[in-house]
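The values are calculated or read from the model by the stated rules, or taken from the named source; none is laboratory data. The structure presented is a predicted model; accordingly, all values stated were derived computationally and were not measured. In this analysis, Cβ positions are derived from the backbone assuming ideal geometry, glycine residues included, and neighbour counts consider all displayed protein chains. Please note that ligands, DNA and RNA were not included when accessible areas were found on the heavy atoms of the full protein model with its side chains. Shrake-Rupley method; radii C 1.70, N 1.55, O 1.52, S 1.80 Å.
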Amino acid sequence: MIIVTGDRYDEALTDRNFEKILFPEYGKNREKLREFVNKLKGDEVIVTASLELIDLILKRFQGEEHVLIYSNTGKGLTFKEAYELRKYLDFDLRGAEITNTEKVSVLFCEGKTDSKFFKASYKKIFGFKEAREVPPNLVLIEKLFERDNYELIKNNGYIAIIPSEGNAGVIRNLGNFLRAMEVFEFHVGKIGIAIDIDESKKAVMDSIRGKLSSFKYSKTKAGFKVGKTEVIPLLIGSKIDLGPCVEWQKPTIEDFMLAILEGDKTFKKLERAINILCIDLKRKLKPKEVIYLAMAAKKFWGNLEGFYEMSIMRTPKWKVEKVLKESKIYEKMEALLPSL
């Protein structure tokens, strides 16, 4: 099956000897679209500007033989790539004419708590503020406020911070985003990938290089270069001493948060409660359990992401900076600052 999107579909069809073209009617409700998709055999050519129809087709048909073509460039995506761009990045596969380019960096991180941590840290240390307007480079990633699908901050350029559902999601989104830039011909200056070192630094770097092997890339001081875009790994791999009653298993953002919280009045009051719980439970506490105790002690009744952001913004700048530098992630965050 072939899906054709974009404004120049006449040119795209002229260049290819398609036997069958279907133009679904506009204005059909979802049930009618679903009926239409259920009748498809998988060998049709469909020209459409309906994202709802595209989503239904991508969900039903998978496999390398199915292709979505963006007619404005004549370049294509496999249905798997297109499906993942829609599902994980809310990407508008219809494309757009992008003429202006702002200074933009994108940071893929593991989850929403990580995205709030990096957002607050960039605001606290580097003076970023919330951005209301979306730069032209990012217009194809829909900003869904009801889903809070990504953070956008600005200071002499933009940083979009996008949660990605774990380590595998970060690597997946990196590859799909690079492919989208090729097909839809837009550009961001830098892509950061914030990822935990679960086993070893080598294993993580091998995963990154494996994903980049589909593209022409070169090594740089901060990471890698793909075309004009620099890819910068922000590896979370420093062991932070959290005391005798807190269990440390692997490096995570929670370790950074505990290091930032450590020493304030509320956290000091928790030390006795942590020791008692450790004895009563006959085990060490996990970092996230300690953070939940801190939330209760501070009488913060919001969610974990909100607590991360509030805590960092209320912590002295020097302390946040100190934790990031000791964790060897400060320099990579600085390297990700937007540039053309």
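Over region 213-271, Cα pairs under 8 Å with separation of 6+ residues give a relative contact order of 18 percent.
Per residue, what accessible area does the chain have, given a 1.4 Å probe and all protein chains present, in Å²? Spell out each step's value before the answer.
On the way: 17050 Å² over 340 residues.
It amounts to 50 Å² per residue over the chain.
Please list, by residue number, every one of the chymotrypsin sites (Phe, Trp or Tyr not before Pro) in region 274-340 that is coil in DSSP and has at most 12 other beta-carbon atoms within 10 Å. Could you put the intermediate results ahead of the total?
Numbers: sites: 292, 300, 301, 307, 308, 318, 330; in loops: 300, 301.
Answer by residue number: 301.
Taking a Cβ cut-off of under 15 Å around residue 131, the surrounding Lys, Arg, Asp and Glu residues balance to a net charge of +2, with basic ones at +1 and acidic ones at -1.
Peptides 109-121, 173-185: what's the order by average Cβ count within 10 Å, highest mean first? Please list the in-between numbers first.
Numbers: 109-121: 23.8, 173-185: 20.5.
Per-residue Cβ counts within 10 Å, averaged per peptide and sorted highest first, yield 109-121, 173-185.
Remark on residue 236: its backbone amide H falls under 5 Å from those of 195, 196, 197, a criterion applied only to residues 5 or more positions apart or on other chains, H modelled at 1.01 Å from N. Sites listed here are trypsin sites (Lys or Arg not before Pro) in region 185-250 whose DSSP assignment is loop and whose Cβ has at most 12 other Cβ atoms within 10 Å: 216, 221, 228, 239.
Only lysines eight or more places from residue 59 in sequence, or on another chain, were considered; those with a Cα closer than 23 Å are 20, 28, 32, 39, 41, 75, 80, 87, 143. Quick one: grab the alpha carbon gyration tensor of region 109-148, order the square roots of its eigenvalues as a ≥ b ≥ c, and give me rounded if a/c is under 1.5, else prolate or oblate depending on whether a/b is larger than b/c. Oblate, since a/c reaches 1.5 and b/c is not below a/b.
Close Lys pairs in region 258-309, defined as Cα atoms under 23 Å apart and 8 or more places apart or on different chains, number 22. Relative to the first principal axis of the alpha-carbon coordinates of the chain, what is the inclination of helix 287-297, with its axis defined by its Cα atoms, in degrees from 0 to 90 and to the nearest 10? Relative to the chain, helix 287-297 is tipped by roughly 70 degrees.
How would the chain be classified by its alpha-carbon gyration tensor: rounded, prolate or oblate, with rounded meaning a/c under 1.5 and the a/b versus b/c comparison settling the rest?
prolate
If a/c stays under 1.5 just call it rounded; otherwise compare a/b with b/c (prolate if a/b is bigger, oblate if not). Do that for region 188-265, with a ≥ b ≥ c from the square roots of the Cα gyration tensor eigenvalues. Note, shape of region 188-265 comes out prolate.
Considering only DSSP beta bridges whose two residues both sit in region 100-245, what percent are antiparallel, to the nearest 5?
Details: 12 of 29 bridges.
Close to 40 percent.
Shown for the chain: the carbon plus sulfur share of the solvent-accessible area, taken with all protein chains present and a 1.4 angstrom probe, equals 49%. Partners of residue 221 within straight-line reach, counting lysines whose Cα lies under 17 Å from its Cα and excluding those fewer than 8 residues away in the same chain: 190, 201, 202, 328, 332. Seen from residue 309, the other residues with C-beta closer than 14 Å to its C-beta sum to a net charge of +3, counting Lys and Arg as +1 and Asp and Glu as -1.
Put 161, 98, 276 in order of accessible area, largest first, 1.4 Å probe: what do you get? It would help to have the intermediate numbers written out before the result.
Details: 161 0, 98 40, 276 70 Å².
Sorted by accessible area, descending: 276, 98, 161.
Karplus-based coupling profile of region 315-323, in residue order and whole Hz: 8, x, 4, 4, 6, 4, 4, 4, 4, with θ = phi - 60° in 6.51 cos²θ - 1.76 cosθ + 1.60 and x standing for Gly or Pro.
The three principal axes of the Cα atoms in region 20-179 give end-to-end lengths of 56, 33, 28 Å, sorted in falling order.
Where only DSSP H runs of four or more residues are counted, the chain gives -13000 deg cm²/dmol as its mean residue ellipticity at 222 nm, each run worth -39500 (n - 2.57). Placing +1 on each Lys and Arg Cβ and -1 on each Asp and Glu Cβ, with no other charges, gives the chain a dipole about its Cα centre of roughly 1340 debye.
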